[in-house]
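Visitor: Can you read through this structure? Questions will come right after.
The values are calculated or read from the model by the stated rules, or taken from the named source; none is laboratory data. These numbers come from a predicted model, not from an experiment. All Cβ positions, glycine included, derive from the backbone under ideal geometry; neighbour counts span all protein chains shown. Heavy atoms of the whole protein, side chains included, go into the accessibility calculation; ligands, DNA and RNA do not. Shrake-Rupley method; radii C 1.70, N 1.55, O 1.52, S 1.80 Å.
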Amino acid sequence: QVQLVESGGGLVQPGGSLRLSCEASGSMFTIYAMVWYRQAPGKQRELVATITNGGSTNYADSVKGRFTISRDNAKNTVFLQMNSLKPEDTAVYYCNKMPLGSWGQGTQVTVSS
C-alpha cells in the first residue's frame, strides 16, 4: 500500500509560481507511473500531469507549457512545478500512482490577487 503526502500549496498572485511535492511511502515507488490531479470547487477531479517510471511526461492541454512534472526516485518524491498561474488553476491538488490507489489529503492552491 502506497501512502501519499502532498505539500507546497498556498496563495499566489496570478502569474506567480508554486512547486508542489508528493512524498510516497513504500519501496515500490520506482515501478509506478505517478500523476497529479486537481479538483476545483463544484467540479470533477481532473488529470493534470503524468510521469512514467521511465520519466516520460504528459500534460492536460490547460497546463501544457506552464506546468512541469518530475520525480526523484531516490527520495520517493514527485513534484509539480507550476508557473504562470491563473485563477482557474485554483483547486486542491492530489498526487497518486497509476493504477490509482488511495488518495492523500491534497494541497490547496489558490491563485488570486
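Visitor: At a 1.4 Å probe radius, which order do 72, 89, 61 fall into by accessible area, largest first? Can you show the working numbers first?
Guide: On the way: 72 45, 89 0, 61 130 Å².
The most accessible residue leads, giving 61, 72, 89.
Visitor: Go through the range 1-49 and name the trypsin sites (Lys or Arg not before Pro) that are in a DSSP coil and have 12 or fewer other Cβ atoms within 10 Å of their Cβ.
Guide: Answer in residue order: 43.
Visitor: Then there is this: Residues with amide H under 5 Å of residue 85's amide H, sequence separation 5 or more or different chain, H placed in the peptide plane at 1.01 Å from N; which?
Guide: Residues meeting the criterion, in which the H sits 1.01 Å from N, are 15, 16.
Visitor: For a quick check of your reading of the filter: which trypsin sites (Lys or Arg not before Pro) in the range 48-113 sit in a DSSP loop and have no more than 10 other Cβ atoms within 10 Å? All intermediate terms of the calculation are to be shown ahead of the outcome.
Guide: Values: sites: 64, 66, 71, 75, 97; in loops: 64, 66.
The qualifying sites are 64.
Visitor: Rolling a 1.4 Å sphere over the protein heavy atoms, what is the accessible area per residue of the chain, to the nearest Å²? All intermediate terms of the calculation are to be shown ahead of the outcome.
Guide: Values: 5900 Å² over 113 residues.
Result: 52 Å² of accessible area for each residue.
Visitor: List the residues, sorted by chain then number, that are 5 or more residues from residue 48 or on another chain and whose placed amide H is less than 5 Å from its amide H.
Guide: Those lying under 5 Å, H to H, from residue 48 are 36, 37, 38.
Visitor: Right, another one. Compute the signed sum of charges (Lys and Arg +1, Asp and Glu -1) over the other residues within less than 14 Å, Cβ to Cβ, of residue 25.
Guide: Neighbourhood net charge equals 0.
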